[in-house]
Structure formats: structure tokens, C-alpha cells
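Only the coordinates and a few stated rules stand behind these numbers; no lab work does. Note that the structure is a prediction, hence the values are computed from the model and not measured. Note that each Cβ is placed from the backbone with ideal geometry, even for glycine, and that neighbours are counted across all protein chains shown.
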Amino acid sequence: MIASGNGILVLLLLEYQNYADKSMPWCIFQYAALLKLAYHQKQQRDILVVPIVIWANKRVPPEPLYESLLDQDIGITCRYRHIRLHELDRQGVDPLLLVLAPFLHGTAKKDLKTAALRMYAAAPPTHRILLLAALLSISKRVYRNIDEIEQEILAHVRVTMDEIIAAIEEGPIGLKIKERAEARGEAKGKAEGLQGAALLLWQGRFGTVPAEVRSALGQASPEVVQRVLEAFAVVTPEPDIRAILDV
């Protein structure tokens, strides 16, 4: 949320795209509508949403307009702005936008060091390393063999690769990765617990667990293992449990 030049609060919706997407007008309409609805539910008033799509590819994007009209007087129209990075000259942009230097007009591999140092000098001290890490990551995807340039940049700003990695880990991207890893870990632990319970029940009722049954349980989804446990709860015969596991 930002204040416009005349002091009116607006929600700024930024969408970054590195591939062509013909459905973007429809998506922007949905995003804007959801933001307005969420704001109204909390504040009991409307707010202006300003969508801007940033295109990092050179293909011609769709017209920044969504229309769903019955006639000229009935329907919905949603207009937005878009920015095509390859049309922006790196020499004339705000220094912070140089984090996207590889996509800007006039940038070659030899210009990366100059762009990186200019951006680093202009960035807030608390975000310098994170922005530098983002620039280096993008550069590696656009250009080949930039290790030497990377080392020159890091040496000039006196930043080590360990600090770069730490900045990524502690930044929004790193935290998101950690959250996903923790969620996957919890899901994996739950699945292993269910599989272990099923193995114990098999041993208690039928004796030694055959290799094919153990393998099937190890590869089964939590939903399938849950069905196996439910089958044991109602004294289901072995052939029927094997049928659930498809062995």
C-alpha cells in the first residue's frame, strides 16, 4: 500500500513475468478484484488497485486490458500498465532497478560489474547483499561463465560468497524455502508413521511382512496407507489388503 501524489492510498500490484502469458489480462483482473474484496472486508471501504506487469522477455505481451462486455454499457473493464524491461536503457533507470540489469536494454556481460557496483552503492545497507545475490543469480541464468566477473564484484564490495548465501537464507526467498522444507518434512514424518503402523499390524496378524508388501507400503500415498489401516480395524483378510496395495 502506498500514497499517491495527491495523498490517496492505493494498493500497488506488481506482477513479474519472465515468459509470455496470453492470460495475463484475465489474471490481473482476478488479482485486483481479490485485493479489493479483501481490503473491503477488513476496512469496510473501497480502495484503488494499481496493477503493473513487468515483462522480462522480449516477446510482445498481450494488450494490458481485460474486457468482458455484453454491450457498451454493461460489463467489466480492467486496464493496467506494463513495463518491458528490454526497452529500458540501463544507463537511465533508477540504480535499484539494476538488480534486473541482464534484462535491460544495452546490458552485455562486460557491463555486469559496473551495474552491480552502481546498484550496491545506491541500495539501503540492510538490503545490499540480498539485492547483489539476486543480481548474480539472474546473471548466471542469462550469461555463461561469469565466475571471474562475480569474484571481481565480490572482491570490490568486500562480500564473501558465504555472506551471499546467508543473505538468501535469511531473506524472503530463503524463509519460504525453509517453510516448504519443514512442511514436506512433517508430511514425510506423518507418512512414515502410518507406514510403520501398517507394518506392525501386518506382522501381528499375518506374520512376516513379504518384500512386495513392504515395498508397496513404502511407495503408497498416505491415503492408501490410511485405507490399509482401516482394513485392519475391521479384520479384513490378507487378500483384500493386498488388493488395496495392488500386490
Open item on the list: Report D for the stretch 58-154 in µm² per second (integer): Stokes-Einstein, Kirkwood Rh on Cα pairs, 10 °C, 1.306 mPa s.
Closed with: 103 µm²/s
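Would you mind checking Lys110/Lys140; Lys22/Lys42; Lys58/Lys140 for any pair whose Cα atoms are more than 25 angstrom apart? Working shown, then result.
On the way: Lys110/Lys140 13 Å; Lys22/Lys42 32 Å; Lys58/Lys140 18 Å.
In this structure, Lys22/Lys42 lie more than 25 Å apart at Cα.
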Open item on the list: For Cα pairs less than 8 Å apart in space and 6+ apart in sequence, what is the mean separation divided by the residue count of the chain, i.e. the relative contact order in percent?
Closed with: 10 percent
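Suppose every K and R has +1 on its Cβ and every D and E has -1 on its Cβ; what is the size of the dipole of the stretch 88-170 about the Cα centre, in Debye to the nearest 20?
Numbers: 10 positive and 11 negative charges, 63 e Å.
My answer is approximately 300 debye.
Just to be sure I understand: of the beta bridges DSSP finds with both ends in the chain, what percent are antiparallel, rounded to 5? Could you put the intermediate results ahead of the total?
Values: 7 of 20 bridges.
Among the beta bridges of the chain, antiparallel pairing accounts for roughly 35 percent.
Once R0 is set to 25 Å, what does the formula 1/(1 + (r/R0)^6) return for the Cβ-Cβ distance between Ala122 and Leu14, expressed as a FRET efficiency to the nearest 0.05? Write out the running numbers ahead of the final one.
Details: r = 19 Å, r/R0 = 0.78.
Step by step, r from the Cβ atoms, then E = 0.80.
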Task: Cα→Cβ-extended label distance, 7 Å offset, between Lys42 and Trp26, nm - done: 2.9 nm
Open item on the list: Apply the a/c threshold of 1.5 to the C-alpha gyration tensor of the stretch 123-167 and tell me whether it is rounded, prolate or oblate.
Closed with: prolate
Open item on the list: Between 0 and 90 degrees, rounded to the nearest ten: what's the tilt of helix 147-157 against the longest Cα principal axis of the chain?
Closed with: 70 degrees
Open item on the list: Give me P(r) over the chain, computed from all C-alpha to C-alpha distances, binned every 10 Å, as integer percentages.
Closed with: 6, 19, 19, 17, 16, 15, 7, 1
- [ ] Compare Gln30, Gln17, Gln41 in a GNM of the chain, Cα atoms joined below 10 Å, and give the one with the largest fluctuation.
- [x] Gln41
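Using 0.36 nm per residue of separation minus the Cα-Cα distance, give me the extension gain between Ala211 and Met161 in nm, one decimal.
Values: separation 50, 0.36 × 50 = 18.00 nm, distance 4.70 nm.
Taking Ala211 through Met161 to full extension adds about 13.3 nm, to one decimal.
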